[in-house]
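Here is the structure we will look at, set down as structure tokens.
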Amino acid sequence: MSNPSPSPATRFKPGNGGRPKGSKNKFPQAVREMYRQALDNAGGVKYLTKLAKRYPVAFNQSVARMIPDEQKHDLGGEIVFRHPDLTQRSPERAAKVVQASEDKALEHRG
């Protein structure tokens, strides 16, 4: 737990320690790798499919968090893709919405 009023001697001072500017934070990478290993140990795709059927709303919420809110691509103009809220849809409907969005994006690439 952090100290709400640290003494000047222990207070963080800019330029002293910490990650170098521009370097990647390794903690999220390590946690992501642990989740990947746990998923592999639990059964991978079969396990995720079982979770999607048993807890569709929670599953869709977790999938929606992994999709960027906005994607920008330089294709000679700007196309902005915003994903719809998939959290309140069945897994089948959410998959259809995602597929339709991907199809539209491919159409624009021509």
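What the table below lists for this structure:
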| item | result |
| --- | --- |
| Cβ pairs under 6 Å, 6+ apart, first in the stretch 28-40 and farther than 17 Å from Met66 by Cα, second of a type outside the set (Lys, Arg) and surrounded by 10 or more Cβ atoms within 10 Å (Cβ to Cβ) | none |
| Pick from the stretch 56-102, criterion loosely packed, with under 10 Cβ neighbours inside 10 Å and farther than 28 Å from Arg32 by Cα, ranking: modelled with the highest pLDDT | Gly76 |
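The values are calculated or read from the model by the stated rules, or taken from the named source; none is laboratory data. In this text, all values refer to a predicted model and were calculated from it rather than measured experimentally. Note: ideal-geometry Cβ built from the backbone for every residue, glycine included; neighbour counts use all protein chains shown.
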